[in-house]
1. Hey, any idea what Rg/Rh is for chain B, computing Rh the Kirkwood way over Cα pairs?
2. I'd like to compare B:222-234, A:252-264: which one has the highest average count of other Cβ atoms within 10 Å, and what's the full order after that?
3. Given an 8 Å cut-off on Cα distances and at least 6 residues of separation, report the relative contact order of region B:36-117 as a percent.
4. Quick one: Debye curve from the C-alpha atoms of the protein assembly as shown, no solvent, what's log10 I(q)/I(0) at q = 0.06, 0.07, 0.08 Å⁻¹?
5. Any idea what % of Cα-Cα pairs in region B:177-268 are farther than 22 Å?
6. When Cβ neighbours within 10 Å are restricted to other protein chains, what is their mean count per residue of peptide B:109-121?
7. With N denoting the number of residues in chain A, provide Rg(C-alpha) divided by 2.2 N^0.38 Å, to two decimal places.
8. List, largest first, the extents of the alpha carbons of region B:55-153 along their principal axes, each in whole Å.
């Protein structure tokens, strides 16, 4: 399917979701749906660097929080409309991703992973010490009750997050089928060989980090309006980091379908578990599923499905390797 | 702020003492990440697990925290050996350690933390011991025993590990596994067994480090997260798998953190280790005593 048509299909599905939620008439659907869509965006963004390039980012929370806090910073300066704040959040997070990538991506993958973990700690320290955005006390954002064509404000936020999620999935799919995607795959499969053949690996990795970080920032930008009270400890919480890794891993990392499936399944499961059981057990479930899936089903749900359905459309399984059943199974990874 | 000599001396000394403790916390990572190339980011979570085991033994049986941690080292060793075996079969053998292996340890970190929350709750826990209250005074200098004792035992731990690595057969085999697995196999040594032993030792240090942690400060389940960046910064700064390097780096980080906390405020201290990490990665990725 061509990308513009795919984008239209996504819009239609999104519109149907929005319409369906309105028909159900319960605003809680919008609150829960917002979180699931936010995870779709985060998981897809994580997968652009993690799944396509093979570089693990543990700092998803940091990029997410950068988006959220850039909204707070600009809100205090001048209350811009949210779509513009989303773009600003994306630019800020993307730029930070670029700088951090430049410092650490020339080294082995593990260093990058550790640096992203440390980045979350440092950014949290900065935010805690920065009174302008509330410091450790947190910041309030007063959300209007209603907004013109949407009715309750949460519907407006839901719509924005829906568009961000659709944008993220479309971008991921576009990358997958472009020269850029081939480049990313060479970095993942054998960085040394790619470098030797003249693939500009550092530049590719930097592009991936910037796009991935930028999308995470965009997912975080509307968050202060959603939550109303933004606090460093929750915004930098490990929940975001573990979820944005677990969802693509559980769904499957080789194509855009994996993070989408993983985020929708795991996100909905969590929304149900939070209401019915408890939020601590809910995180335990995520951890156990993550460990279970990486051990038993390395290619996630998409990989499992592919094993049963041989004639799966290529679009759904991503780029295959020469001689491999599906990407990620045969050859060794970059040391 | 008026510059105070007393303050400076106290900050330096407490930085050095804390540095000794950091060395013990990092020694396990130096073994697993530095020598075996296993990126065990769950290590701080195992340290917190150690703290809680020590807490349980201390509050129920009244055992000395350090003694209790020594008693449970075999259990931690076994835990480490089991984790390595799973890791080897699932990831290392298939050559997937870079992406899925990392995710595996991240998942372990999360499971450990949430299990502790579910079992012990999120309250701060602390232990009782004779050396936790008193402080020695030398003129302007104050040395709290609750930091001095763990720091000294940490040095003993590092010395014991270093002796094991350089003088015993198993220790030399562990060093060799980092350099050339095939050559080791040709010497009729099973590299997987050696790695399992090494990883077991690495996790065993976590029980001791956990005891030191809960002696120095009250512990709650997520306290380990603060140590992730610090531990890996020290490991990289010290030069990946060199225990003397780890010790030097731990002292450096301890002193600089302590000075930052004293003169700029404690809320800035966590940024220090990251600064060190980035600086090391940018300037000298091999670390101070890198091979």
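Only the coordinates and a few stated rules stand behind these numbers; no lab work does. Bear in mind that the values here come from a model prediction, so they are computed numbers and not experimental data. Backbone-built Cβ (ideal geometry, glycine too); neighbour counts: all protein chains shown.
1. Checking Rg against Rh, the ratio lands at 0.97.
2. Answer by packing, highest mean first, reads A:252-264, B:222-234.
3. 49 percent
4. Those come out to -0.32, -0.44, -0.58, one per q.
5. Result for the distance tail: 45 percent.
6. Average neighbour count from other chains, rounded to a whole number: 4.
7. Compared with the compact-globule rule of thumb, chain A sits at 0.97.
8. Extents along the principal axes, in whole Å: 60, 31, 26.
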